[in-house]
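To keep things clear, I will list the structure first and then write my remarks on it.
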Amino acid sequence: MRLAELTALFGRLDFPAPEGHGHPPRDHVRAIEGAVRAGLSDDELLLDLFALEIERRDGAPDLAPFHVIPELGVRLAFAYWRPGRAAGAHEHSDWTVTAVVHNTLDVATFDWDATARARRLVPKRLFSAEAGRVGHIYGPCIHDPRNPTGSWSISLHLFGPHDGPVIEAQVGPIEGLTPAAPQAAPDDALSAALLAYERECVRRAQIDALERRGPQAAALLARLHARGDAGTRRRAARALGRTEALGTHAVLARRWPGVDLDVAPRAGRAELVARCGPRAQVLLRVDAWAGPALHAVSAARELRPSDIPGLAEAEQLALARALVDWGTFQPFEAQEN
């Protein structure tokens, strides 16, 4: 199934127009769920959707639509889940269809009626959803998806046009419910750097999801290779069967202007910390004996992996790759990214 076929199915099922505030029959939502499941099983639909996502949103980490089905207001969006990330308990008041397309999510659900009566979250069930699992919401629902793994997960969401918060308007504040409007991120150099890093993580998660999709994914992998930073390019090259190795004598240049690097001891270990005013972010954590290597990194504007003191060659390369993956240093040839 291709995206055009999925769009045509909405038309054949005669989903209501958004201005009418109608609700489709549940069997129609189930039909869309089944079509998404079938479409993901042969990769064609997923490749169509990733092509739009990569072109229109280019690594943006927020859950925002990359496509809206004309005349129906049905929104399609990908969500990207860093290791350990939880959405926070939130509600859906219109129908949705959701699929896990890469890795795994755990989903906690809550009893809507009991929560409304108690005005606090009342747990209902917890289930695990692996890649390929597709489900739907029809009536009002409160849930909290989270990524329980050490790798990024990706989910696909189809939202009805009238989805939004309603329960607190009906009964008052609910203890434990995540606010509908997220707080804006601080506007400083470290925030900008971390947002850039998150965009690269999204691209890398896309690469991981596409890597096993066969030759038909090569064009999308090549596009991600062209747009990514050095760490993303290395990952895309591997997925494409190419070699793009970081050598011990490569010259790495410091990035993230306006952000200082510092080394802090903590519980027998040493941490490389990025600082900008009062804000700080731990980038790397090593055993205390490797602290001098982090001190050398924090003081350098340029460095070669072979110049990092106190480490064997494999350790020098591993540390250099981690710095490149974070984007704090990049090879000179990658500076345009």
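The values are calculated or read from the model by the stated rules, or taken from the named source; none is laboratory data. All of these numbers come straight from a predicted model, not from anything done at the bench. Don't worry about glycine lacking a Cβ; one is built from the backbone with ideal geometry, like all the others, and counts go over all protein chains shown. Areas reflect the complete protein model, heavy atoms only, side chains present, ligands, DNA and RNA absent. Shrake-Rupley method; radii C 1.70, N 1.55, O 1.52, S 1.80 Å.
A few remarks follow.
- Annotation: extensible slack from Arg238 through Ala267 equals 6.8 nm (criterion: 0.36 nm per residue apart, minus Cα-Cα distance).
- Rounded to the nearest 20 debye, the dipole size of the stretch 179-337 about its Cα centre is 500 debye, using +1 on the Cβ of Lys and Arg and -1 on the Cβ of Asp and Glu.
- With Cα atoms, 0 to 90° folded angle of helix 44-56 axis to the chain main axis: 60 degrees
- Asp111 paired with Asp187, simple spin-label distance in nm, labels 7 Å along Cα-to-beta-carbon: 4.6 nm
- Positive-end residue of Leu63, His92, Gly34, charge dipole of the stretch 1-135 with Cβ unit charges: His92
- Accessible carbon and sulfur surface of the chain relative to its total accessible area, %, 1.4 Å: 51 percent
- When the convex hull of its Cα atoms is viewed from all sides, the stretch 108-206 shows a mean projected area of 8.5 nm².
- Computed from the C-beta positions of Arg279 and Asp307, the FRET efficiency with R₀ = 25 Å rounds to 0.30.
- Binned Cα-Cα distances of the chain, short to long, each 10 Å bin given as a whole percent: 5, 22, 28, 23, 15, 7, 1
- Solvent exposure of the stretch 57-141 amounts to 44 Å² per residue of accessible area, where only protein heavy atoms count and the probe is 1.4 Å.
- From phi via Karplus (6.51, -1.76, 1.60), per-residue ³J(HN,Hα) for the stretch 283-300 in Hz, x at Gly/Pro: 9, 9, 9, 10, 5, 4, 5, 8, x, x, 5, 5, 4, 5, 5, 5, 8, 8
- Potential extension, His249-Ser151 segment - 0.36 nm per residue separation minus Cα distance: 32.3 nm
- Heavy atoms of Ile308 accessible to a 1.4 Å probe, total area in Å² rounded to 10: 10 Å²
- The magnitude of the dipole of the chain, with charges of +1 and -1 set on the Cβ of Lys/Arg and Asp/Glu and taken from the Cα centre, is near 580 debye.
- Per residue value of the accessible surface for the stretch 195-248 (all protein chains in place, 1.4 Å probe), Å²: 44 Å²
- The relative contact order of the stretch 206-290 comes to 16 percent, based on Cα pairs under 8 Å that sit 6 or more residues apart.
- FRET E, pair Asp163, Asp58, Förster distance 30 Å, beta-carbon r, rounded to 0.05: 0.75
- Mean Cα-pair separation over length for the chain, i.e. relative contact order, pairs under 8 Å, 6 or more apart, %: 14 percent
- FRET efficiency, 1/(1 + (r/R0)^6) with R0 35 Å, evaluated for Ala118 and Arg212 via beta carbons: 0.20
- Potential extension, Ala219-Ala131 segment - 0.36 nm per residue separation minus Cα distance: 29.4 nm
- Charged-residue dipole, Cβ positions (Lys, Arg, Asp, Glu), the stretch 20-177 about Cα centre, Debye nearest 20: 540 debye
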